[in-house]
There are 2 protein chains.
Amino acid sequence: MSLRMNLDNIAVVLHRPRYPENIGAAARSACNMGISRLIVVDPRECDLTRVHKMATHFAADLVEAMEEYENLETALAPFQYVVGTTARLGSRRPAVPKPRKIAETLISISQHNRIALLFGPENRGLTNAELSFCHALVNIPTAGFASLNLAQAVMVLCYEVFLASREDTGTLTPRLSTRRELEDMYGQLTETLIHINFINPENPDYWMGHVKIHDVFLRLKSSSSLTLQKISHFWMDTNE
Amino acid sequence: MSLRMNLDNIAVVLHRPRYPENIGAAARSACNMGISRLIVVDPRECDLTRVHKMATHFAADLVEAMEEYENLETALAPFQYVVGTTARLGSRRPAVPKPRKIAETLISISQHNRIALLFGPENRGLTNAELSFCHALVNIPTAGFASLNLAQAVMVLCYEVFLASREDTGTLTPRLSTRRELEDMYGQLTETLIHINFINPENPDYWMGHVKIHDVFLRLKSSSSLTLQKISHFWMDTNE
């Protein structure tokens, strides 16, 4: 019997889902794979009767406990690690790992940290601005036709995480920064860079907003997914 | 760039699906994973408008080309290798492999043989009689709640087959017997066993029907999935 790792720290987060049936099917998939926390952010429609129908009675408890938030920032604030799913691969999204590759890392991190598996709306996926909340991206491999049904994408990622949870990874990752702590760090960094006249106080978002500065950290993360966390901890230690 | 193996010989076969939406979602999943042949057997309902809606326009061609059969025997006749999915594991279904384990074998076999990935009805799965058509079984691992949505099960199996198709397995399996050839072999075996007074001619199905004799071959297959094929070829060679 292989060791089973705890999946209680992993949540599925659906950002702006459009169809209650997809929320229900995602709930059932998560439940199948041992993930018991589901969060919806600003759903276009969330008719619980339709959600429950697709979730079936097996996943009814998961739907009952489902959390709903108005915006992504609030929903993700308590999480130390956010993984965003993307079907699009471009120059801005280089070397995005596959579910199998990232699953083992997630299990390791999840033992002492809360992880959000973030999925975008059915019609467009996650924008670059929304992906800036993420510590890592993941791309589900497909044969040409890359657009997966939302609940199918949830299934594939949860399936890989569940399989990885049954293997002994041998390593555990220490507690990391939450999204809120990271946002605080970005805020302090902005003030400091304005203070030393490195950026224009009239327009700090040009460098610090959701595009440029997050890119720097995303690139750091490409070589090591924990680099950002180390910088964040170092930053907070030296600013306390 | 890894080698991509041909998936043209692999078909998804849905036995008695109950909901057109599940047929459509299964079509989309297969399409996502590069599998372009879909067969439905005795569907309870197959409203193409509802099928197409869930398949989306991306998988419309696959739905247009979808084949429909009245019974499982006819549908499976041209296939050399049938893999049945089962959520139930019992004494009659020992040591059922997982998708990841079987996927590499399937890719090897599929290069010179037609493979059917067989899925049972939503409400009950495949019966033991229906599983007797199968050369191998596969069980999708789950955390306690084992009942997957039909299209989700299709997705997981097709996903694993697709991933395996991108790896060089290094081995190819020669052409095997079709289901029709195997049924012919069972027929000849029955006649022979009656002829030598081994079984009662009044009630040959007692030994030869869908339970007992198939069990013998299934047990042989447990130790080697190709044993049955070898016996079948040997049998046909010596009876021609």
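A:TYR81 sits among other residues whose Cβ lies under 10 Å from its own Cβ, and their net charge, with Lys and Arg +1 and Asp and Glu -1, is +2.
Of the GluC sites (Glu not before Pro) found in the stretch B:1-84, those in coil by DSSP whose Cβ has at most 15 other Cβ atoms within 10 Å are B:GLU45, B:GLU70. Separation of the stretch A:81-144 from the stretch B:66-85 is 37 Å, based on Cα centroids. For the pair A:ALA77 and B:ARG166, a Förster radius of 30 Å applied to the C-beta separation gives a FRET efficiency near 0.20, rounded to the nearest 0.05. Computed from phi, the 3J(HN,Hα) profile of the stretch A:177-193 under the Karplus parametrisation 6.51, -1.76, 1.60 (θ = phi - 60°) reads 6, 7, 4, 5, 4, 5, 4, 4, 5, 4, x, 5, 4, 4, 4, 5, 5 Hz, with x in place of Gly and Pro.
Grouping the Cα pair distances of the stretch A:1-145 into 5 Å bins from zero gives a pair-distance distribution of 2, 10, 19, 22, 21, 16, 8, 2, 0 percent in increasing distance order.
Counting Lys and Arg as +1 and Asp and Glu as -1, what is the net charge of the other residues whose Cβ lies under 13 Å from the Cβ of A:ARG16? All intermediate terms of the calculation are to be shown ahead of the outcome.
Numbers: positive: A:ARG18, A:ARG44, A:ARG124; negative: A:ASP42, A:GLU45, A:GLU68, A:GLU70, A:GLU122, A:GLU130.
With Lys, Arg at +1 and Asp, Glu at -1, the neighbours total -3.
Counting Cβ atoms of other protein chains within 10 Å of each Cβ in A:149-157 and taking the mean gives 5. Counting only other chain Cβ atoms within 10 Å of each residue's Cβ, the peptide B:24-36 averages 4.
Computed from the coordinates by the stated procedures, all read-outs in this text should not be read as laboratory data. All of these numbers come straight from a predicted model, not from anything done at the bench. Here Cβ is always computed from backbone atoms with ideal geometry, including for glycine, and neighbour counts include all displayed protein chains.
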